[in-house]
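Report on one structure; see the data block that follows.
The values are calculated or read from the model by the stated rules, or taken from the named source; none is laboratory data. Source: prediction; values computed, not measured. Counting neighbours? That spans all protein chains shown, and the Cβs are built from the backbone with ideal geometry, glycine included.
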């Protein structure tokens, strides 16, 4: 099973990239979020990969981050959601926003994604809520100090505490504490500028 690919981009288009590794070109289906993070043709790329094997085909799905890949794997374990629909979901919503929509039972936000109706949105929320809650409990212990530092920095820069907390939570859930304080703060400031 292929779990990771590093190589040169031969060709890319929305939804697909061909990566050359040691003279072999791998065609990977990708969400739009990964597509926008890729460089141009001939640039180097590293992708997390899920190998999907059925009776009729072998398909590779590529992701810019392990978080995206893990969300994809959780989505395809939901009854009625196959790999292509899971890819469509990840193309229509950022991982942090997806987790936020699930936490807040925001059916209408998920139903806005092409191919997702209200019933499927409800199924996604119901089946993923517990998994996200467990992840949050683990992360909250590690992130409490970083979270407070980031919120404090934003408040000191003149932003409102409630908005700062929301932006910090979204940033930490998408980048994680390993990104480092400076990068996390820059990402928070980008997100605050869009509010």
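Look at (1) exposed (fewer than 12 other Cβ atoms within 10 Å of the Cβ); (2) at pLDDT 90 or above and you find that residue 90 fails only one, number (1).
Would you confirm whether or not the stretch 94-109 contains a residue that is more than 25 Å from residue 173 (Cβ to Cβ), at pLDDT below 95 and either assigned to a loop (DSSP other than H, G, I, E, B) or not assigned by TED's automatic domain parsing to the domain that holds residue 177 (or both)?
Kept after step one, since they are more than 25 Å from residue 173 (Cβ to Cβ), are these residues of the stretch 94-109: none.
No, that holds for no residue.
Within the option set 88, 42, being part of a helix (DSSP H, G or I) and over 25 Å from residue 178 (Cα atoms) holds for one residue only, 88.
Report the residue count in the stretch 50-69 for those that are assigned to a helix (DSSP H, G or I) and out of contact with any helix residue (DSSP H, G or I) (no Cβ under 9 Å at 6 or more places or on another chain). First the steps, then the outcome.
Taking the stretch 50-69 first, the residues assigned to a helix (DSSP H, G or I) are 66-69.
Imposing the further condition that a residue be out of contact with any helix residue (DSSP H, G or I) (no Cβ under 9 Å at 6 or more places or on another chain) reduces the set to 66, 69.
Counting residues in the stretch 50-69 that are assigned to a helix (DSSP H, G or I) and out of contact with any helix residue (DSSP H, G or I) (no Cβ under 9 Å at 6 or more places or on another chain) gives 2.
If you take the residues in the stretch 1-16 that are part of a loop (DSSP other than H, G, I, E, B) and in contact with a helix residue (DSSP H, G or I) (Cβ under 8 Å, 6 or more places away or on another chain), which one is surrounded by the fewest Cβ atoms within 10 Å (Cβ to Cβ)? Spell out how you get there, then give the answer.
So the first thing to find is which residues in the stretch 1-16 are part of a loop (DSSP other than H, G, I, E, B), and the list is 1-3, 14-15.
When the remaining residues are screened for being in contact with a helix residue (DSSP H, G or I) (Cβ under 8 Å, 6 or more places away or on another chain), the result is 14-15.
Values: 14: 11, 15: 16.
Across the stretch 1-16, the extreme among qualifying residues is 14.
For every residue, the table says whether it meets (1) in contact with a helix residue (DSSP H, G or I) (Cβ under 8 Å, 6 or more places away or on another chain); (2) closer than 23 Å to residue 30 by Cα; (3) at pLDDT below 85.
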{"position": "116", "(1), (2), (3)": "yes, yes, no"}
{"position": "122", "(1), (2), (3)": "yes, no, no"}
{"position": "146", "(1), (2), (3)": "yes, no, yes"}
{"position": "151", "(1), (2), (3)": "yes, no, no"}
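Checking each residue in the stretch 164-180 for being in a helix (DSSP H, G or I), at pLDDT below 85 and surrounded by fewer than 17 Cβ atoms within 10 Å (Cβ to Cβ) picks out 177, 178, 179.
Does residue 79 qualify as being closer than 21 Å to residue 120 by Cα and assigned to a loop (DSSP other than H, G, I, E, B)?
Working: closer than 21 Å to residue 120 by Cα: yes; assigned to a loop (DSSP other than H, G, I, E, B): yes.
So residue 79 passes the test.
In the stretch 1-22, the residues that are touching a residue at least 40 places away in the same chain (Cβ under 8 Å) and at positive phi never reach a residue that is surrounded by fewer than 18 Cβ atoms within 10 Å (Cβ to Cβ) and in a loop (DSSP other than H, G, I, E, B) with C-beta atoms less than 7 angstrom apart, at least six apart or across chains.
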